[in-house]
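S.K.: Quick one: the structure is below, and I'll ask about it shortly.
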Amino acid sequence: MSKKSDNLYMQKIRERMRSYRKAADISQKQMAHHLGLKQVTYSAMERGQQKIATDYLLKIADVLRVKIWALFAEPDEILESNKTTKILFDTWNRFNQAQQNALLQVIEQMDHNKH
């Protein structure tokens with residue numbers, strides 16, 4: 001990845017961090033508190049003036065209650081060519097953790113019976 005494309009990629013990640021944070025109605029000060037940072041440090045991370053360590057990305061995703069990959073790509077970017085998969089993705093995200101686990105068990109059983 002070139003430096004320019006790397007910068008663009010990180011810019012998209014920062015935009016998603018900000019978007020998910022605002023959607024969750026979490027202030028920068030609150031996010032910084034959850035991460036054990038000063039607000040000015042977190043703000044600099046969102047603006048691209050401070051590098052974001054992988055550990056912080058994991059913590060940010062956890063605080064925002066999103067999967068880590070949600071910070072790296074929008075669902076449409078991941079699934080743009082497959083409408084059926086997008087429908088499954090959207091449905092999956094409406095399930096709570098217990099429902100997701102139950103569905104995974106059914107899928108694993110179906111896969112096991114197939115072999």
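S.K.: Quick one: count up the residues across region 45-73 that are under 22 Å from D25 (Cβ atoms) and either at pLDDT below 90 or surrounded by fewer than 16 Cβ atoms within 10 Å (Cβ to Cβ) (or both).
M.R.: Residues flagged as under 22 Å from D25 (Cβ atoms) and either at pLDDT below 90 or surrounded by fewer than 16 Cβ atoms within 10 Å (Cβ to Cβ) (or both) within region 45-73 amount to 9.
S.K.: Do any residues in region 48-69 that are of a type outside the set (F, W, Y) have Cβ atoms under 6 Å from those of residues that are not in a helix (DSSP H, G or I), where the two are at least six apart or on different chains, and which pairs are they?
M.R.: L64/A24
S.K.: Also: Do the conditions hold for I60, that is, is it within 25 Å of R94 (Cβ to Cβ) and of a type in the set (A, V, I, L, M)?
M.R.: yes
S.K.: Condition first: surrounded by 15 or more Cβ atoms within 10 Å (Cβ to Cβ), assigned to a helix (DSSP H, G or I) and not charged (D, E, K, R). Now tell me which residues in region 18-33 satisfy that.
M.R.: Hits for region 18-33 are Y20, Q28, Q30, M31, A32, H33.
S.K.: Kindly provide the set of residues from region 5-26 that are small (G, A, S) and without any contact (Cβ under 8 Å) to a residue 12 or more places away in the chain, ordered by number.
M.R.: Passing the criteria: S5, S19, A23.
S.K.: Kindly indicate whether A44 is out of contact with any strand residue (DSSP E or B) (no Cβ under 9 Å at 6 or more places or on another chain), free of Cβ contacts under 8 Å to residues at least 60 places away in the same chain, assigned to a helix (DSSP H, G or I) and closer than 21 Å to W92 by Cβ. First the steps, then the outcome.
M.R.: Working: out of contact with any strand residue (DSSP E or B) (no Cβ under 9 Å at 6 or more places or on another chain): yes; free of Cβ contacts under 8 Å to residues at least 60 places away in the same chain: yes; assigned to a helix (DSSP H, G or I): yes; closer than 21 Å to W92 by Cβ: no.
Taking the combined requirement at face value, the residue does not satisfy it.
S.K.: Moving on to the next point. Tell me, please, whether a residue that is assigned to a helix (DSSP H, G or I), at pLDDT 85 or above, more than 22 Å from R16 (Cβ to Cβ) and of a type outside the set (S, T, N, Q) can be found in region 78-101.
M.R.: yes
The values are calculated or read from the model by the stated rules, or taken from the named source; none is laboratory data. Predicted model only: the values in this text are computed from it and were never measured. With ideal geometry, Cβ positions are generated from the backbone for all residues, glycine too; neighbour counts draw on all protein chains shown.
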